[in-house]
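Read-outs: derived from the displayed coordinates by stated rules, not from any lab. All values derive from a computational prediction rather than experimental measurement. Methodologically, a virtual Cβ is constructed for each residue, glycine included, from the backbone with ideal geometry; neighbour enumeration extends over all protein chains shown.
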Amino acid sequence: MSNLLLDVPSLEGVQVSYDGEVYQDGRHLRKSVNKVTGYVTVRVRGVGPQYVHRLVAEAFIANPNGYPEVNHKNEKKADNRASNLEWCTHTYNMHYGTCPQRISDANSIPVVMMSRDNKVLAIYPSGLEARRANGFKGHDINKALKDPNKTYNGYKWKYLQ
């Protein structure tokens, strides 16, 4: 199936294969990885960088609902086979697979739970994990983290540095 080339509707003279190879006016385009997003791109003459997964989806996957985003089903950004892609909403994309956990891990700052006399009692990967581990409610740990004079549930809190 990789020999089959389909036109990309939004780009005249650009074709893609089922496997994610991109051609412009019959010439194979070199792929590279965007350092910020991690997605595979090609430079289309006259247009600039284009995400390969979007080009493949445009050519091979119907989008009757007009969804704005393309999801990689196996969560591998380099796997741009048409069978691995699906059109979706932004909300669906952000809640798909391990995405929520990866975002949480990337934004987590470890926190330290201390006694009033500054003895370290526990270290957690984030304020959220500290709340879960101790059954705490609300966001008062965050208030205590921002103000060294505040405590929450009798404990002092600080960010691990």
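Tabulated values for the structure
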item: Amide hydrogen neighbours beyond the local backbone of Tyr18, cut-off 5 Å, H modeled; result: Leu4
item: Relative packing of peptides 17-23, 84-90, 111-117 - highest average C-beta neighbours within 10 Å first; result: 17-23, 84-90, 111-117
item: Values of log10 I(q)/I(0), in the order q = 0.10, 0.11, 0.17 Å⁻¹, for the stretch 42-161 under a Debye, Cα-only, solvent-free model; result: -0.53, -0.59, -0.82
item: Highest average packing first - 28-38, 123-133, 61-71, Cβ atoms within 10 Å; result: 123-133, 61-71, 28-38
item: Dipole magnitude of the stretch 11-152, debye to nearest 20 (Cβ charges: Lys/Arg +1, Asp/Glu -1, about Cα centre); result: 540
item: Segment Glu69-Met94, length gained on full extension (0.36 nm per residue, minus Cα span); result: 8.0 nm
item: Linear extension gain, Val47 paired with Asp25, 0.36 nm per residue minus alpha-carbon span; result: 6.6 nm
item: Gained length - Asn3 relative to Ala62, 0.36 nm times residue gap less alpha-carbon distance; result: 19.2 nm
item: Efficiency of FRET between Ser83 and Glu129 - r from beta-carbon atoms, R0 41 angstrom, step 0.05; result: 0.65
item: CD proxy at 222 nm, helix term only [per DSSP H run n ≥ 4: -39500 (n - 2.57); per residue of the chain; nearest 500]; result: -6000 deg cm²/dmol
item: Value of relative contact order over the stretch 1-66, rounded to a whole percent, pairs C-alpha under 8 Å and six or more apart; result: 26
item: Positive-pole candidate from Asn63, Trp157, Val8, dipole of the chain, charges at beta carbon; result: Trp157
item: Interchain or long-range residues, amide H under 5 Å from Val44's placed H; result: Gln50
item: Karplus-derived 3J(HN,Hα), 6.51/-1.76/1.60, for each residue of the stretch 56-72, Hz, glycine and proline x; result: 5, 4, 4, 7, 10, 10, 5, 9, x, 8, x, 5, x, 10, 10, 9, 8
